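Notes follow the structure.
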Number of protein chains: 2
Amino acid sequence: MQIYKAPLRDMRFVLHELLDAKQLSKLPGYEEATADTIDTIIEEGAKFCQDKLLPLNRVGDEEGCTYENGVVRTPPGFKQAYNDFVGAGWQSISSDPNYGGQGLPALMNFVIEEMVCSTNIAFGVYPLLSRGAASLIERHGSDDIKETYLPHLADGSWSGTMCLTESQCGTDLGLIRTKAVPAGNGKYSISGSKIFISAGEHDLSENIIHLVLAKLPDAPEGVRGISLFLVPKLSVNGRGTAAEVGSRNGVACGSIEKKMGIHGSATCVINFDEAEGYLIGDPHKGLRCMFTMMNGARLGVGMQGLALGETAYQSATAYAKERRSGKSLTKGTKSADVADPIIVHPDVRNMLLTARAYNEGARALAYWTALQLDLSTHHPDAETRRDADEIVQLMTPVIKAFLTDRGFEAANLAVQVHGGHGYISEHGIEQLVRDARIAQLYEGTNGIQALDLVGRKLSLHTGRLLRHFFHPATEFVETNQETEELKDLVLPLAKALEKLQQATLVIAQKGLGDPEEAAAVATDYLKMFGLVAVGYMWLLMAEKAVAKAADANGDARFYANKLKTAQFYMHKLLPDASAAFLRIMTGKYAAAQFNEEDF
Amino acid sequence: MQIYKAPLRDMRFVLHELLDAKQLSKLPGYEEATADTIDTIIEEGAKFCQDKLLPLNRVGDEEGCTYENGVVRTPPGFKQAYNDFVGAGWQSISSDPNYGGQGLPALMNFVIEEMVCSTNIAFGVYPLLSRGAASLIERHGSDDIKETYLPHLADGSWSGTMCLTESQCGTDLGLIRTKAVPAGNGKYSISGSKIFISAGEHDLSENIIHLVLAKLPDAPEGVRGISLFLVPKLSVNGRGTAAEVGSRNGVACGSIEKKMGIHGSATCVINFDEAEGYLIGDPHKGLRCMFTMMNGARLGVGMQGLALGETAYQSATAYAKERRSGKSLTKGTKSADVADPIIVHPDVRNMLLTARAYNEGARALAYWTALQLDLSTHHPDAETRRDADEIVQLMTPVIKAFLTDRGFEAANLAVQVHGGHGYISEHGIEQLVRDARIAQLYEGTNGIQALDLVGRKLSLHTGRLLRHFFHPATEFVETNQETEELKDLVLPLAKALEKLQQATLVIAQKGLGDPEEAAAVATDYLKMFGLVAVGYMWLLMAEKAVAKAADANGDARFYANKLKTAQFYMHKLLPDASAAFLRIMTGKYAAAQFNEEDF
């Protein structure tokens, strides 16, 4: 059975004890983000997700979305849950307060995103896309566009999408064929067909605002000739009050996809037939604007990985405590029962702790990155903003790929803990695997994330992005090598960090002469980077846990478990970094020697 | 799209060039297993699987089995395919010729099993179970039972099952509750409920022969009190000619499971209500008999892993050659096209070659083990038989677990190569993932395989099983360390082999004092063992490829690719052994320090 209670104690530990998130309340615009407000938000969010979204997760998978004559219906209960979600204000907690948002830190949104997706990732796709659309319009829309669209996106009466992919291209957007022709009055006529459009059509909101990549008649070839357009499903006049929402625009849903998972999320073919649209940003510069949305979405997808990893851990743990099979091998613990709960077995523990150590480490890394995102937009000091933004840039591909890979792994471990019962649909565990699988694919496959990390982020500003991570990490391990309570944890991380830096140098050097050398080890490098980054988070958490252990006030077990889990991470998970290192060192040769016809 | 052509060239390489399989024709009883016969069988088998089974794989997934009032219907086309399958004699190629079988080597069965499951694993479950039932009856049945049941299992008019699991226990069979009460005339009355019974009820055969674990009234507690019974769905009189198949026995299918994958395979709840059954083997010794079937089934499940890995590789390769995205980074290869096929990208190649290097290495390991199986039953020399049997015992858990883990990995890599398209059901790639997932779970989870390897096989006969593998492998690497064409491959394997032996010693020593120390690293040890065993197969294949490269007669590319793939294996896959080694060295401590309430 899918089991989930929001890990509030761990969330508070990361938010308050590790990150001192109330520091955000000192930034202009974030005054309300006090520790109390933060706690209230996560507690109320937890209740909402547990009570309203989790009960719909199985039915969403079983019933899925339906398509008939261009109309898409979401699974039973989704519409009510959506109304409750936007009614309670969850859609807009970090949206611009000038346009109906609550203006709270993005960090809060990350925490809510985690809980939403832990309980119902298919549902979570709808608000995620709307938030992405809103943040793009906030950043790149004209005042008129902002005033017209943002309040409706904030209150959830309208929703948003991103329309990039076409049947012939996903990653390689230079190949898109959708056309935009100027139609006078600053409007454009958009024609073309987009596929894989999440939340492209549904019955949750009154209108759907598509953000569409298309080419103008005078567009240069390739990625330098892509423009961005806002295309509403229903035409909008004036400010879009009910009376001003006009007739159907030339936008139609042609079909929805039957997919491996996230059945409650409508994945649509959207056909634009001389649809009326508005240019966002400058002509031919649309890709850059779209990446505002894309980067936010990538971080959101990373959270989906963590989210499913958490549900997987909790569900598997509950089963392992209940299911009896075999007797414990531990001496002196023979119980009178014919069989012990399987949590006594070391192999089961290893599986559970693998999921847990990744989850807790990933949570720290993701929230820390979200904090940087808030610093990058709201800190008064320009250099602090720049540095924080660069950390976000560096960590975005890592969080997207590493967290979704680990989330998928955790989901599979949960199935394995359940044995044959994990394969049976009614228990809901195999759904976690099917749902988690998408996160490694959409918003840029994990291979694309690795190329972004190695091909762009490594070399940007002559390596300055990397230094934002390497410097404090190196300083921490150097300072704490002799710290009695930490040195057993510091030593393995210090070694892995050194190897990561060595790998970075090798890739930079080889890649300079031959970019294929870098591309060939990108996935291994990202994995190694993720392992070390999460490992560094474990050191920071362990440091706090050691400090708190003394005055724990009944919470001693929490801190003791943090230290034990940190140890498990260093003993059992970090070693994968050495295998990745060995692979990186052998470079491209083994695969490059094959000709295409050899395959 | 699912793409599959039987890899006949590679199969022939392993069968003839690596293993000299025609050596089997010199063994009494296997005289017909000449090179020509072997080739004819695999070619005809390939045609059958490609033409009859592959086209049913999607429909089997989409339509699945249906249950109504105790009647189970297999997907459209399965019945005809089954009739064709048994009509062509594929069911009984390695069955006892005294009872209607063809008496060919088990090795032939492995090859057919691979092709059947590459094209339709859900279909393959039915013949796999029947063969298991037949081999159990061949080994443990009375003459009367053999004469009555084996001819019908051989011609496929009847099929078989193994009924072990009950809702409260799968792995821990000591907990079963199904009862057997003597009913006079050597018959028993069986009552109880079994779950997860593959092929438990269906419309393919006229009768279904259940092999059922149950407890006699005087049974000792636990696994020492389990007996084995043959329980036919329809009562059988005399020799079971049509006129002699009687009325319905007290056996009924209560329901079928909705599962993640293998939808065409009926997974049944089977209720026994005072059903008439026959004791097989001695009272209370049923588990040992059942393991005849179970071990064969475990090897068969290992083949399922390889089988799906092969289809995953072929499907992903076809897509990677066709789909265009991005330009090659290789200097001097700029084509005029706006985008190159994605097979030019190093990350895509790494994914394809990972699947391929595991597949080809796994095929060698599995066929080699199958050859040992044939030596163990048909070689005139008792010591050769014993040694061969011990190799099979050692390799059974490795093949079951390592090959199914790698098959699941390959299926996921195929999805990743397809990007978002891999997640869409109509392309058939996500089905591979869902189908492959079961193989890690059934016939003993992969964690149980690891415990079998570490807890039983390592220590058996004071390590003699292990020496059957370590000695020749060590000798090979010592002999070839200076061989010019091989030494680059030998060196990494030599290191990994040394570490594996070191890990073996540590586990043996620690495990002696504390069995939990062994159990805690069992999964890592099995993985390391699998990596080294497959690596050793790669060395043996490379040696053959080097020798053949000179007189290749137009097949030079095949041998060159073998060597390249061997190199890829050593560069990119074997390194995982070092991570497993590091984990093994840290032992149980990290996980054992947690109390149950800490989870």
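The values are calculated or read from the model by the stated rules, or taken from the named source; none is laboratory data. Remember, predicted model here, so these are calculated numbers, not experimental data. Heads up, the Cβs are rebuilt from the backbone with ideal geometry, glycines too, and the neighbour counts pull from every protein chain shown. Ligands, DNA and RNA are stripped out before the accessible areas are found, and what is left, the full protein with its side chains, is counted by its heavy atoms. Shrake-Rupley method; radii C 1.70, N 1.55, O 1.52, S 1.80 Å.
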Query - the protein assembly as shown: calculated mean residue ellipticity at 222 nm from DSSP helix runs of at least 4, using -39500 (n - 2.57) - result: -17500 deg cm²/dmol
Query raised in the report: Nearest-to-axis residue of chain A, judged by Cβ, for the A-to-B rotation, with distance in whole Å?
Result: A:A579, 2
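Could you put B:F48, A:F291, B:F196, A:F123 in order of accessible surface area, largest first, with the 1.4 Å probe and the full protein assembly present? Mind showing how you got there, number by number?
Details: B:F48 25, A:F291 70, B:F196 45, A:F123 0 Å².
Heavy-atom accessible area, descending, gives A:F291, B:F196, B:F48, A:F123.
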**Report entry** Debye-sum result for chain A in log10 I(q)/I(0), which assumes one identical scatterer on each alpha carbon, at q = 0.06, 0.07, 0.09 Å⁻¹
**Finding:** -0.31, -0.43, -0.72
Query raised in the report: Which residues, if any, in region B:511-531 have at least 20 Å² less accessible area in the whole protein complex than in the isolated chain, probe 1.4 Å?
Result: B:G513, B:P515, B:E516, B:A519, B:A520, B:T523
Report summary line: For region B:159-181 the residues that are at least 50 Å² less accessible with all protein chains than alone, 1.4 Å probe, are B:D172, B:L175
Query raised in the report: Once amide H atoms are placed 1.01 Å from N in the peptide plane, what residues at a sequence separation of 5 or more from A:L234, or on another chain, have their amide H within under 5 Å of its amide H?
Result: A:I208, A:N249
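Give me the percent of DSSP beta bridges within chain B that run antiparallel, rounded to the nearest 5.
Working: 35 of 43 bridges.
Just about 80 percent of them are antiparallel.
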Requested in this report: Measure off 7 Å from each Cα along the Cα-to-Cβ vector at B:I145 and A:A35, then give the distance between these two points in nanometres to one decimal.
Outcome: 7.2 nm
Report task. Divide, for region B:446-591, the radius of gyration over alpha carbons by 2.2 N^0.38 Å, where N is the residue count. Result -> 1.16
Query raised in the report: Quick one: which bits of region A:434-459 get at least 40 Å² less accessible when the partner protein chains are in, versus the chain alone, with a 1.4 Å probe?
Result: A:R437, A:L441
Query raised in the report: Using θ = phi - 60° and the Karplus curve 6.51 cos²θ - 1.76 cosθ + 1.60, what whole-Hz ³J(HN,Hα) does each residue of region A:245-258 get, with Gly and Pro shown as x?
Result: 7, x, 6, 4, 6, x, 10, 9, 8, x, 5, 10, 8, 8
Query raised in the report: Amide H to amide H, which residues 5 or more places from B:V245 or on other chains are under 5 Å from it, using H placed in the peptide plane?
Result: B:N237
**Report entry** region B:222-235 - phi-based ³J(HN,Hα) in whole Hz, Karplus 6.51/-1.76/1.60, Gly and Pro as x
**Finding:** x, 6, 7, x, 10, 10, 10, 10, 9, 10, x, 4, 9, 4
Requested in this report: Would you mind checking which residues have amide H under 5 Å from A:K259's amide H? H placed 1.01 Å from N; only 5 or more apart, or other chain.
Outcome: B:S425
Query - In range of the label at A:A547: residues from region A:13-51 whose backbone nitrogen is under 11 Å from the point 7 Å along Cα→Cβ - result: A:17-20
Query raised in the report: Taking N as the number of residues in region A:39-149, what is its alpha-carbon radius of gyration divided by 2.2 N^0.38 Å?
Result: 1.14
Query raised in the report: By how many degrees, 0 to 90 and rounded to 10, does the Cα axis of helix A:487-513 deviate from the longest principal axis of chain A?
Result: 40 degrees
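State the dimensionless ratio Rg/Rh of region A:158-285 (Rg: radius of gyration of Cα atoms; Rh: Kirkwood radius). It would help to have the intermediate numbers written out before the result.
Details: Rg = 14.4 Å, Rh = 14.9 Å.
Looking at region A:158-285, the ratio lands at 0.97.
Rg to Rh ratio, the protein assembly as shown, alpha-carbon atoms and Kirkwood radius?
Working: Rg = 30.5 Å, Rh = 31.4 Å.
Rg divided by Rh gives 0.97.
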Requested in this report: Kindly express, to the nearest 10 degrees and within the range 0 to 90, the angle between helix A:346-378's C-alpha long axis and the longest C-alpha principal axis of chain A.
Outcome: 50 degrees
Requested in this report: Provide an ascending nm list, one decimal, of label-point separations from B:V71 to the equivalent residue in each further copy; define each label point as 7 Å from Cα along Cα→Cβ.
Outcome: 3.8
Query - Shortest-first nm distances, B:P97 label point to equivalent points in other copies (7 Å, Cα→Cβ) - result: 9.0
Query - Electrostatic dipole magnitude of region A:8-140 [Cβ: Lys, Arg +1; Asp, Glu -1; Cα centre; debye, to 20] - result: 200 debye
Report summary line: Probe 1.4 Å, heavy atoms of protein chains only: per residue, the accessible area of the protein assembly as shown in Å² is 35 Å²
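Mind grabbing the interface size between B and A? I mean buried accessible area, both sides, 1.4 Å probe, in Å² to the nearest hundred. Kindly include the intermediate steps, with their values, before the conclusion.
On the way: alone 25010 and 24970 Å², together 41720 Å².
In total, this chain pair buries about 8300 Å².
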Report summary line: From most to least accessible, 1.4 Å probe, no ligand or DNA/RNA atoms counted, B:R12, B:R467, B:R139, B:R73 line up as B:R139, B:R73, B:R467, B:R12
**Report entry** D_trans [Stokes-Einstein, Kirkwood Rh over alpha-carbon pairs] for region A:10-87, 10 °C, 1.306 mPa s, µm² s⁻¹
**Finding:** 104 µm²/s
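With +1 on each Lys and Arg Cβ and -1 on each Asp and Glu Cβ, how big is the dipole of region B:158-285 about its Cα centre, in debye rounded to the nearest 20? Provide the component values of the computation, followed by the final result.
Numbers: 12 positive and 13 negative charges, 22 e Å.
So the magnitude is around 100 debye.
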Requested in this report: Starting from a label point 7 Å past Cα on the Cβ side, list the distances from A:R288 to the same position in the other copies, nm, shortest first.
Outcome: 7.9
Report task. Enter the angle in degrees (range 0 to 90, nearest 10) between the Cα long axis of helix A:576-586 and the first principal axis of the Cα atoms of chain A, meaning the one along which they spread out most. Result -> 70 degrees
Report summary line: With all protein chains present, chain A has a carbon and sulfur share of its accessible area (1.4 Å probe) in percent of 51 percent
